[in-house]
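This report refers to the structure that appears directly beneath it.
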């Protein structure tokens, strides 16, 4: 007759002891990875150099940009106001300079305004645009 319960293991370890034995290689691997990243990532106490203050440049100074979005949402090309519809006529052609278009935006400019501007610039053929901003105060 066949017994209804399985025969006990020869080493007679409990279930908890067998689980602990199977976790030991995982613990070793995690420990080795931790040691690798501690050695590979050189931790230093060197502080980053301080960045110059934006206020030191002067508040009225405009950034060097082809297109400036003011804090009131106006578009300026060469300090002349333009509308979103006339940007194509005021800006240099995308292929003329070979450089990306530089857009200077005030820190308070909303993302929806920038998205509308970038969609217009993309439709005009500008594939590379550099966004120049300063933090809002």
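Laboratory data are not the source of any read-out in this text; all were calculated from the coordinates shown. Here the structure is a predicted model, which is why all the values come from computation and not from measurement. Because the Cβ atoms are built from the backbone with ideal geometry, glycine has one as well, and the counts that use them run over all protein chains shown.
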- prompt: Relative contact order of the range 70-137: what whole-number percent is it, with Cα pairs under 8 angstrom and at least 6 residues apart?
  reply: 37 percent
- request: Determine, for 111, 35, the number of other Cβ atoms within 10 Å of each Cβ, and report the residues in order from fewest to most.
  value: 111, 35
